[in-house]
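Enquirer: Let me give you the structure first, and then I'll get to my questions.
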Amino acid sequence: SPRVAEFEKNFAGYCQAGHCAGVNSGTAALFLALKAAGIGPGDEVITTANTFIATSASISAAGAKPVFVDIDGTTFNIDPRKIEAAVTPKTKAVIPVHLYGQPADMDPIMDIAAKHGIIIIEDACQAHGAEYKGKRAGSFGKAACFSFYPGKNLGAFGEGGAVVTDDGRIDEEVRILRDHGSREKYMHIREGFNMRLEGMQGAALRLKLKKLDEWNGLRRASAGIYRRELADTGGILLPEEKGHVKHVYHLFVVRVKEREKMQDCLKQKGIATGFHYKYPLHLQEAYKYLGHKEGDLPVTEKVMKEIISLPMYPGLTEEQVVYVCGEVKNFLSDKA
Ligand SMILES: *Cc1c(COP(=O)(O)O)cnc(C)c1O
């Protein structure tokens, strides 16, 4: 569809990248970016265990092995200081996830990648429009992957995703793989998949992209109200927004003891919350084969028992945020 092509051009520009190929989900974007970069059986890819499973499942789907490293307890993002110890001769890539809308600490990650000759593929599925030292999320890696699932900062009317890259060969390969391995209909250069972005989604995304900065601004304003209201409250740790980043608050995640109790208590007051994520990936049954045990990623394991996502979306009013904060403070003072 010409609408898809127009959206791709606009979104590449928005991400300060040369190319964008639309696909049918963020998961497909990750999978195809890995395939296009030539990653497969025998390769290892480093990532974090506090992410949605699509990040690591895409690595496995490409035939490679996910290697989990610990996170930074203040930003919840991958801890660059822990990456180097996980590098082996098989390591081909690292996938930093710009979690909750805050870019991972890209400078040290890029230094490590350059030193060891490994590539970076950004999981920017929660970070449309986020910035690190003035550069947009999606402009750092060999490729960057976005999701347009309706709940994301930029959402389609259904499922969608994109691979953004400066590398024309990666872009070309994603385009071939998303369409059954062909450039021309019924002429198959290799076996591919049906992972195209639908025309309808491209049309919706092209229009909604124009609103993204405004919506991100509203999210950031709500985050500011949360910070103001909860500033001197004991028993709660607010997310740290590093000075050199622009956080786009896909989620507003705080740390508390007894998060389950807080969730129940808030639910009774009509406030919905979530856990992102509830269980660390390395200890899930799906990754039993990796042989992890409790204590392997101590920061991830500790933090993931305490995180809770407070309401966050562009339509949230100041009154609503103040109400939520009031109930959070009631819960914490009842406990004290
Ligand atoms: C949403 C998300 C994905 C997967 O995107 P889908 O479009 O749902 O397939 C991958 N990684 C992260 C961090 C996400 O938030």
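Enquirer: Among Asp72, Asp232, Asp296, whose mean-square fluctuation peaks in a Gaussian network model of the chain (Cα, cutoff 10 Å)?
Expert: Asp232
Enquirer: Going by average Cβ density within 10 Å per residue, which order do the peptides 307-319, 93-105 take, highest to lowest?
Expert: With the highest mean Cβ count within 10 Å placed first, the list reads 93-105, 307-319.
Enquirer: Right, here's the next one. So what's the net charge close to Phe331: Lys and Arg +1, Asp and Glu -1, counting the other residues with Cβ under 13 Å from its Cβ?
Expert: Neighbourhood net charge equals +2.
Enquirer: Rounded to whole Å and sorted largest first, what semi-axes of the equivalent ellipsoid does the C-alpha gyration tensor of the chain yield via the square root of 5 times each eigenvalue?
Expert: Equivalent ellipsoid of the chain: 33, 24, 17 Å, largest first.
Enquirer: When we measure straight from the Cα of Lys293, which lysines land under 19 angstrom away, once same-chain ones fewer than 8 places off are left out?
Expert: Cα-Cα hits under 19 Å: Lys65, Lys82, Lys278, Lys302, Lys305.
Enquirer: Could you work out what % of the accessible surface of the chain is carbon and sulfur, using a 1.4 angstrom probe and leaving DNA, RNA and ligands out of the count?
Expert: 53
Enquirer: Would you calculate a helix-derived [θ] at 222 nm for the chain, using -39,500 (n - 2.57) for each DSSP H run of n ≥ 4 and dividing by the full residue count, to the nearest 500?
Expert: Helix contribution divided over all residues of the chain: -11000 deg cm²/dmol.
Enquirer: So what is the accessible area of the chain per residue, in Å², with the probe set to 1.4 Å?
Expert: 43
Enquirer: Taking Cα atoms, how many degrees apart are the long axis of helix 2-14 and the longest axis of the chain, rounded to 10 and kept between 0 and 90?
Expert: Value to nearest ten degrees: 60.
Enquirer: To continue, here is another question. Go ahead and run the numbers for FRET between Ala221 and Gln268, Cβ-Cβ distance against an R0 of 30 Å, rounding to 0.05.
Expert: 0.65
The values are calculated or read from the model by the stated rules, or taken from the named source; none is laboratory data. Everything numeric here is computed off the predicted structure, so don't read it as measured data. Cβ coordinates were reconstructed from backbone atoms using ideal geometry, including for glycine residues, and neighbour counts include every protein chain displayed. Accessible surface areas use protein heavy atoms only, side chains included; no ligands, DNA or RNA. Shrake-Rupley method; radii C 1.70, N 1.55, O 1.52, S 1.80 Å.
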